[in-house]
Structure formats: C-alpha cells, structure tokens
Amino acid sequence: MDAIVIDNVSKAYGSTKAVQTVSLSVKPGELFGLIGPDGAGKTTLFKILVTLLRPDEGRATVVGRDVVKDFRALRSLVGYMPGRFSLYPDLTVEENLSFFATVFGTSIQANYDLIREIYVQLEPFKDRRAGALSGGMKQKLALCCALIHKPEVLFLDEPTTGVDAVSRKEFWEMLQRLKERQLTMLVSTPYMDEANRCDRIALMQTGQILAIDTPSGVEHLFRKPLYAVKAAETFRLIQDLRKAPFTQTCYAFGEYLHLTTEEGTTPADIDRYLRERRHEHVTIKPIQAGIEDSFMALMQHG
Amino acid sequence: MNRFFAFVRKEFYHIQRDRRTVLILFGMPLVMVILFGFALTNEIKNAQIAVLDFDHGQHSQRIIDRLLSSGYFRLRQSLTSYRDIEATFRQGHVKLVVVFPPNFTNDYAHDGLAQVQLLADASEQNTAISLTNYATSIIQSYNNEQNPPNAASPLQISVEPRMVFNPDLKGAFVFVPGVMAMVLLLVSALMTSVTIAREKETGTMEVLLVSPLSQLQILFGKVLPYLLLSFLNGCIIIALGIFLLGIPLNGSLLLLLAETLLFIFLSLSLGLLISTIAETQLVAMFASLLLMLMPTIFLSGFIFPIESMPRALQFISQIIPARYFIDIVKGIMIKGVGLGYLWKETLVLVSMSALLMGISLHNLKPRLE
C-alpha cells in the first residue's frame, strides 16, 4: 500500500486555482520531492495532506487514512514542518522540543534515538531562545520538533528556503539518514539542484503536475539538441540567438546560455551565425540536459 | 490532560518572558486605579470662591467661615459690588460667588426667612453643579443647627437630597468599579485574542492544529492562564479600592468575587470570539479596543451618566456588559445589597456569557479554513 495517495485533488481560493486535479502516489520509505517555483501550489497541497485544508474535489489518503474523514487519527501519524519557521521564539530550544513532545503524548527521552544525530548539534544551545538561533539551527530544531513523536510520514515544506548553502547540504544529508530508517518523506523545494537528492520528483507549476519520474528520468524527458553557448557580450548574445532562425528556446543558466535548436542544426551553423554578428570568444558545446532544462521545456509546452 | 498542562505552562512562559505583557498585567490596574481614583475625580478640593457680602452681619460671617473651613473652598477675593462678579468670572480663577443681600442677618433672625445667592461659573458645568451642591448642603446644615428641632424652618434655599450613597460626591466610588470593568475586559479579552492571533501570525497555530491537541484544548489552554491572572488583578483592584481609596465594602466579599469571576468569564468569551475572527495581532488589538474599550469607557456609565445620554446611545448601552458589572460592584460595595437585588444584572451577564461562548465554540474550526 502506498504511503501517500493523491487522487485528482483540486483546491481553489476564490477564483485562483491553487491546485488543479493533481494525482500522485508516494511509496513507503520513499523520499519524494515536489519541485516548482513559488506559487506552484506546493504549500496548498501540503496543507491538504496534513489535514489543514479540505480539497474542493478529489480525495487523498496518508498511510491509508483519508485526510478529510480520518483527520484526527491522521494528525498523530504525520510530522509537519511548515515553510515558515514555526516554533516559539521566546521558548528555549529544549522547552520547544519538550513542549511538542508532550503535546504528542511522548517525551524527548522516549524517541531520542530518532533525533539524536540532529539534536547533538543543538545541544550546546539548548538553553538559548529559539528566536536567537541561526537560520540553519532553526531548521534543525524544527525538524527535531516534527520528528519527536516518530511520525510515519514526514512533510517538509520548503525546509531549505532561506538557509545557507552549507546548512542546505547538511539538511539533505540528515534527510538521507532518516530515509535509511524507512521514513516516508515528502519534501518541497524551489531549488532544482536539490531534486537529484530525491528518489522521485514531481515537477509542479500553476497548480498542475508537469511530470513525475526519477531525477534522471526527468532529465531524459528532454530529447532536443541542447548546447551551452558563451561569448564576450552575454546580453547581445541572448538577443541575437533568440532572433536566430534555428533557435527554439534560449535561457541564461549561470555564465552559459542554454540553447535548443531545430533538428539538424550543427554547432558549426551556430558558430557561423554568431561570427556574422561579430561575437568574440564564442564557445559552443553540446550538453546533457539537467532537471531545470526539462522543467523549462515542460513549462513551454504546458 | 498532560498535554493540556504542557500547553498552559507554555502560556505562562510566554507571559513571563514578555515584559510588555507583565507590565500591562500588573502595572495597568495600579496606574488606572490611582489615576482615576485620585487625579481624575469629579471631587472638588480648594475651589477658589469670591464673596459679595452686603450684610456684614453675624450669620453671613458665620456661613462664610463654615464654607471656608469645609476644605472645599478657599477665598480668593471679597467683592464690593455686583459689577465685580462678571469681571471675577472672566479672570477664570473663581468658580463660585456667594452673595449675601443687605439685611440678611436681620431677616434671618427676625423673619426666619433669608436668601443666599450662589453664582457658579457654568462653563465647567460638572464643577458648577458640584460646587453649588456643596455650598448648598453646608448652608443647609448651618441652618439646621440654628433651628430648634421642631421649629418651622427658615432659610429659603431648596436643596435636592442627591447622592444618597455618596453624599460628598467622592469620585473614587464611581470610578473604581469602572476601572475594574475596564482592566478586566482589557486583560481578559484583549490579551487572549492577541495571543491567539500571535500563534496564527507566527505559523505555530498550523503546527498546533496538526498535533493531537483538540481545538478546545488549545483555546482553553489560552484562557486558563488569563483567567487566573485576571482574577488576581480583580483582587488587587478591589484591595486598592478599599485600602487606598477608602471605598467601603458593605456587602458580601464572596458575592463580589463570584461576580468578578463571572465578568472575567464573559470577557474571555468575548476575547475568544474576536480571536476566531482576527488573523493578526493588529486586527485583534483594534477589534478589542473598538468593540470593548471605547464602549466600556463611554457607554457604561463609567464616565458619562447613562441618564444624560441621547436616547440612541442609552439603547446601545444596554448591550455593554460593563454597565451591568459596574452596577453590581456599586451595589455590593457601596449599597451593601445582595443577590436579591442584583439577580437581574447577574442574569444578564450569565446570558451574555452563554451566548458569546456559544458563538465562539460554533466558530471553532479544526482546520485553517
């Protein structure tokens, strides 16, 4: 039986369709990523799954319990870490943790082995107010609080937003270790580079799911020729390339432009086109598509 | 039950660690009682008066001595003609002029009938009314002393026996019950609704909702600490009223405390109702101030007598809970009456609480929507 089953779920706020007929399922023990830009409907979907919102249409179950009918029973089975830092800033680290432990009818000691690896990093600060912690530390504390009652499914809504690069890496390593304990996790993120750390991902945009696959599967959805192009004048380069007859799409990706072309266009054709327009230091190389390329392409075709 | 107490303990941490809350909780009643009890009273002390004595007789002199030794009046100047009166009032220092006509002593001694004229500066009408009342009653008491017990009474000044329970128009008697109502409302309703709104704002409400805590446990966990603190506050105000301002406690202390608890419960129901609607601390604060503080100050009879309000406002004042509570407190403390006299007001408070609590519970939703 799947740990999370979402079946044609829709939710609208007034005339804004936040989630539109979304279906997906997550297997037990899977680390599933929900990837998409801000406003894609990720948070709304999370709130439906953790019983905070009712879907307008469709139904969803988490560990076999309906998110609407069995919401009371479900609430002690899931761990939820909202997108915003949602602990009490005026309570200390330890008080926060023991409050959530007691509220869920357990104690820090009873489930200490689950949070030990994370909590040892927090322990030196256990008498510090949560509001005075750094961003990365706050996330670790929030994760501890969401884990303290040994949930069967963990929902993490954009846990790494606003956290520095090192803490982000550490955070994902912690999730990998939790995965070894067979914990089912649904994680949302706007960062494409984090997608590779998931078992499977769903790409989401404007309330709809564009694709569901493994990270490499999503990369292989991209079938067109793809080139990374660089020249001395980036801005003029992007303008000229977008006007080129062979160009399908052209986006800036860091220092390179990612260019997709008609079938049959060779690097030599591109090079000739750019030389005619007096571009200097031109580099053109064929590349393997990443998740972001796939996402851009999927967005184009809706 | 364990999780409920964990929640209550957390609330006490919040209160204890927020200096502003502590200050509002325990500083406000003290400041208000002292401010309203001493500074903002209608009570008059050392009002400056002028005397225009055409008589210069024995009785007029004695009455002037009486007035000046009462502690309410201080002589600023003695006038010699009617024309001086207007000029004196214009200067603004003198609030009351006492005029003895010629032959006052003679008329009083022989005809048993004499007149005193009191002129008050009515640009401050409340002061004017108080001053004339004070002076009238001082003159009347002088008159009573002069008369043998069963003689026909002479002096021609009509005195209305007002303020039966507060003959000296002591301001504290009127203000303390009002301050009590206000502070209890503020602490109970405003603070409860603001702290619930704070949980919504910081996002912790989401986490609490997803926990096994029921919505009812969350709300009562919020209410309980404030119930205790408000009750403590109520006791402090009553003690300040009795020991600092000298208000009598003529009725039952037990009944007073019970009625105070009832009013606190009513205020908490109001706070819960506001919190089920307000999403942010700011909205909760404004809703509390607009819905409770303003009407309580202006429409409960706390500052302005209900009898002198326009009809429409008198009508509105009937739904202001503080109005009934103020009547109850005055009844118990000053008049010393019991539940036999106050059952109507008590019933109104009980039904209001039941109604508000009913609506709040009805508005509770186990989800965010």
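The values are calculated or read from the model by the stated rules, or taken from the named source; none is laboratory data. Everything quoted here is computed from the prediction, not taken from an experiment. Please note: Cβ atoms are built from the backbone with ideal geometry, for glycine as well, and neighbour counts cover all protein chains shown. Heavy atoms of the whole protein, side chains included, go into the accessibility calculation; ligands, DNA and RNA do not. Shrake-Rupley method; radii C 1.70, N 1.55, O 1.52, S 1.80 Å.
Key figures
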quantity	calculated
Every residue from segment A:253-287 that is open to solvent by 50 Å² or more (accessible area, probe 1.4 Å), closer than 30 Å to A:ASP193 by Cα and part of a loop (DSSP other than H, G, I, E, B)	A:GLY254, A:GLU255, A:GLU262, A:GLU263, A:THR266, A:HIS281, A:ILE287
Strands (runs of 3 or more DSSP E) wholly inside segment A:130-218 that include at least 2 residues being farther than 21 Å from A:GLY79 by Cα	A:200-205, A:208-213
Contacts under 6 angstrom Cβ, first residue in segment B:136-147 being aromatic (Phe, Trp, Tyr), partner in a helix (DSSP H, G or I), 6 or more apart	B:TYR142/B:ILE63; B:TYR142/B:ARG66
From B:ILE242, B:ILE238, B:ILE218, B:ILE264, residue being open to solvent by less than 20 Å² (accessible area, probe 1.4 Å), in contact with a Leu (Cβ under 6 Å, 6 or more places away or on another chain), part of a helix (DSSP H, G or I) and more than 14 Å from B:VAL187 (Cα to Cα)	B:ILE218
Flag for B:ILE319 being part of a loop (DSSP other than H, G, I, E, B) and at pLDDT 85 or above	yes
Total residues in segment A:164-179, condition under 14 Å from the mean Cα position of the chain (by Cα) and open to solvent by less than 60 Å² (accessible area, probe 1.4 Å)	4
Strands (runs of 3 or more DSSP E) within segment A:1-108 that include 1 or more residues within 11 Å of another protein chain (Cβ to nearest Cβ) and either open to solvent by 10 Å² or more (accessible area, probe 1.4 Å) or of a type in the set (Val, Ile, Thr) (or both)	A:4-13, A:78-81
Condition check for A:VAL218: among the β-branched types (Val, Ile, Thr) and at pLDDT below 90	yes
Residue match in segment B:337-351 (condition: modelled with pLDDT of 85 or more, closer than 21 Å to B:LEU224 by Cβ, assigned to a helix (DSSP H, G or I) and touching a helix residue (DSSP H, G or I) at 6+ places or on another chain (Cβ under 6 Å))	yes
Among the candidates A:GLU170, A:GLU194, A:GLU180, residue that is touching a residue at least 12 places away in the same chain (Cβ under 8 Å), acidic (Asp, Glu) and over 26 Å from A:GLU94 (Cβ atoms)	A:GLU194
Qualifying residue in segment B:201-213 (condition: over 30 Å from A:ALA101 (Cα atoms) and surrounded by fewer than 17 Cβ atoms within 10 Å (Cβ to Cβ))	no
Sole residue being outside the structural domain of B:TYR226 (by TED's automatic domain parsing), at pLDDT below 85, under 36 Å from the mean Cα position of the chain (by Cα) and not small (Gly, Ala, Ser), chosen from B:PHE104, B:PHE73, B:PHE89, B:PHE26	B:PHE89
Top-ranked residue in segment A:227-252 [being part of a strand (DSSP E or B) and without any contact (Cβ under 8 Å) to a residue 40 or more places away in the chain; ranked as most open to solvent (accessible area, probe 1.4 Å)]	A:GLN248
For B:ILE247: the one exception among (1) within 14 Å of chain A (Cβ to nearest Cβ); (2) over 22 Å from B:LEU25 (Cβ atoms)	(1)
Only one of B:ALA87, B:ALA114, B:ALA109 that is open to solvent by less than 20 Å² (accessible area, probe 1.4 Å) and over 30 Å from B:ILE303 (Cβ atoms)	B:ALA114
One residue from B:ALA287, B:ALA312 being among the small types (Gly, Ala, Ser) and under 22 Å from B:PRO225 (Cα atoms)	B:ALA287
Identity of the residue in segment A:180-203, more than 19 Å from A:GLN121 (Cβ to Cβ) and basic (Lys, Arg), that ends up modelled with the highest pLDDT	A:ARG200
Unmet requirement for A:LYS150, which otherwise passes all of (1) within 17 Å of A:TYR119 (Cβ to Cβ); (2) surrounded by 23 or more Cβ atoms within 10 Å (Cβ to Cβ)	(2)
Count of segment B:324-369 residues which are within 14 Å of chain A (Cβ to nearest Cβ) and open to solvent by less than 30 Å² (accessible area, probe 1.4 Å)	1
Qualifying residue in segment B:222-235 (condition: surrounded by fewer than 23 Cβ atoms within 10 Å (Cβ to Cβ), part of a helix (DSSP H, G or I) and under 19 Å from the mean Cα position of the chain (by Cα))	yes
B:SER317 vs. criteria open to solvent by less than 40 Å² (accessible area, probe 1.4 Å), more than 28 Å from B:THR21 (Cβ to Cβ) and either under 17 Å from the mean Cα position of the chain (by Cα) or more than 14 Å from chain A (Cβ to nearest Cβ) (or both)	yes
Subset of segment A:288-302 (residues that are free of Cβ contacts under 8 Å to residues at least 60 places away in the same chain and open to solvent by less than 70 Å² (accessible area, probe 1.4 Å))	A:MET296
Members of segment A:109-129 found to be away from chain B (no Cβ under 14 Å) and assigned to a loop (DSSP other than H, G, I, E, B), listed by number	A:GLN109, A:ASN111, A:LYS126
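Yes/no per residue for (1) part of a loop (DSSP other than H, G, I, E, B); (2) within 16 Å of B:PHE263 (Cβ to Cβ):
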site: B:LEU293; (1), (2): no, yes
site: B:LYS330; (1), (2): no, yes
site: B:ILE334; (1), (2): no, no
site: B:ALA354; (1), (2): no, yes
site: B:LYS365; (1), (2): yes, no
site: B:LEU368; (1), (2): yes, no
